[in-house]
Amino acid sequence: MTQSLTEVSRHGDVILLEFNNPGMLNALDTVMGEEIVEILESVNSEFTPVVVMTGKGRAYCAGGDIKLMARGEAGVDYMRKMNRLVKAIAYHDAVIISAVNGLAYGGGFGLVLASDISFAASDAKFAMVHGDIGLVPDMGAHFFLPRVVGMNYAKFLLWMGEPIDAREAERVGIIHQVCEPDKLVSETLEFAQKLSRRPREVLRLSKQLLNNLPTMTLEDLLEGESDAQVACFKTEDHKERLKAFLDRRK
């Protein structure tokens, strides 16, 4: 029986999804990519508003599976499956948080960028190493990275492939917080559980607006916010929270 390349555990209203191929530095092959997609597609944001992703061993994800490429198995089908993975993260109704342990190289860096929020261990490293083996950065890197760090620095990271450490990643906005390695998962889960107590419909609708932002005019955005707000006005969650606020209670 083939061993699963992912592990899932529940922590309150939060799911922890762990990449479980440490001997290969959690390299992305089609099997692991499909497992992650299947897990995410099974998550209902109404009951699980936040998912935390991390890696086992000394890497979050070291990128694409080099052995698979050497066998000539990387092509259109492989890239379609990797693109499906990126969209499963970016467009999910739940908030996806990366807890970056160790290396986040190549496609692993792409998974971090596709996530909504990221934490990192102090010994984490980030690099777009695709060019080292004659490949263009992928996994949405050209879409996400300039929006985070600006076009000029994005070009440097995409083209040079030089690693940056967790503190630099925090400085330029790639990650939210640096943690001690032995506290990374616990501190990320603590944050995730706090976030899970925020209004779930608000998280879902706000994420949708942000995902649509690159193609929206101001008029489009204002209309989208109005539609989202009207939907929230009708929720029991809004009514109860408003009443609690007026009653000066939690």
tail above 21 Å in the computed P(r) of segment 1-83, as % of all Cα-Cα pairs, reads 33 percent
Under the Karplus relation with 6.51, -1.76 and 1.60 and θ = phi - 60°, whole-Hz ³J(HN,Hα) for segment 159-176, x at Gly and Pro, equal 8, 8, x, 7, x, 10, 8, 5, 5, 5, 4, 5, 4, 9, x, 5, 10, 8
The ³J(HN,Hα) series, computed from each phi in segment 134-140 with the Karplus coefficients 6.51, -1.76 and 1.60 at θ = phi - 60°, rounded to the nearest Hz and given as x for glycine or proline, is x, 10, 7, x, 9, 6, x
Quick calc: nm separation of the 7 Å Cα→Cβ label points for Arg84 and Ser186 -> 3.8 nm
Computed over segment 80-120, the relative contact order (Cα-Cα under 8 Å, seq sep at least six) in percent reads 47 percent
To the nearest 20 debye, segment 146-250 has a Cα-centred charge dipole, built from +1 on Lys and Arg Cβ and -1 on Asp and Glu Cβ, of 500 debye
Rounded to the nearest 10, the angle in degrees between the Cα long axis of helix 184-196 and the longest principal axis of the Cα atoms of the chain comes to 30 degrees
Computed over segment 113-250, the relative contact order (Cα-Cα under 8 Å, seq sep at least six) in percent reads 25 percent
Given Cβ charges of +1 for Lys and Arg and -1 for Asp and Glu, the option among Gln177, Pro49, Gly107 whose Cα lies farthest towards the positive end of the dipole of segment 6-196 is Gly107
The alpha-carbon center of segment 194-239 and that of segment 127-158 are separated, in whole Å, by 29 Å
Given unit charges at Cβ for Lys, Arg (+) and Asp, Glu (-), the dipole magnitude of segment 200-246 about its Cα centre in debye, nearest 20, is 320 debye
In order over segment 112-124: 3J(HN,Hα) from phi, Karplus 6.51/-1.76/1.60, θ = phi - 60°, whole Hz, x for each Gly or Pro, gives 5, 5, 6, 5, 7, 9, 9, 10, 8, 5, 5, 9, 5
Per GNM of the chain with C-alpha springs under 10 angstrom, the most fluctuating residue out of Ala114, Ala62, Ala88 is Ala88
Cα-based Rg then Dmax for segment 131-250, in Å, read 19.6, 62
Expected max-MSF residue from Gly57, Gly134, Gly12 in the GNM of the chain (alpha carbon, under 10 Å) is Gly134
Taking only Cα atoms of segment 148-195, the Rg to Rh ratio with Kirkwood Rh works out at 1.09
Counting only DSSP loop positions in segment 187-230, the trypsin sites (Lys or Arg not before Pro) whose Cβ has at most 15 other Cβ atoms within 10 Å are Arg197
If unit charges are put on Cβ atoms (+1 for Lys and Arg, -1 for Asp and Glu) and the dipole of the chain is taken about its Cα centre, the option from Leu157, Ser226, Phe144 lying farthest towards the positive end turns out to be Ser226
As a percent rounded to 5, the proportion of antiparallel DSSP bridges among beta bridges in the chain is 25 percent
Mean separation of Cα contacts under 8 Å (at least 6 apart) over the residue count of the chain, i.e. the relative contact order in percent, is 17 percent
Computed from the beta carbon distance with a Förster radius of 45 Å, FRET efficiency for Ser122 and Asp247 to the nearest 0.05 stands at 0.55
For segment 29-88 the chymotrypsin sites (Phe, Trp or Tyr not before Pro) that pass both the DSSP coil test and the at-most-12 other-Cβ-within-10 Å test are Phe47
Per DSSP, the loop-located trypsin sites (Lys or Arg not before Pro) within segment 24-80 having at most 13 other beta carbons within 10 Å are Arg71
Least to most buried among Met79, Met151, by other C-beta atoms within 10 Å and fewest first, runs Met151, Met79
In deg cm²/dmol, rounded to the nearest 500, the helical mean residue ellipticity at 222 nm of the chain, built from -39500 (n - 2.57) for every DSSP H run of length 4 or more, is -14500 deg cm²/dmol
Here, segment 200-246 modelled as identical Cα point scatterers in vacuum has Debye log10 I(q)/I(0) at q = 0.14, 0.16, 0.23, 0.29 Å⁻¹ of -0.39, -0.48, -0.80, -1.02
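Rule-based calculations on the coordinates, nothing more; no lab input. Remember, predicted model here, so these are calculated numbers, not experimental data. As a convention, Cβ positions derive from the backbone with ideal geometry for all residues, glycine included, and neighbour counts pool all protein chains shown.
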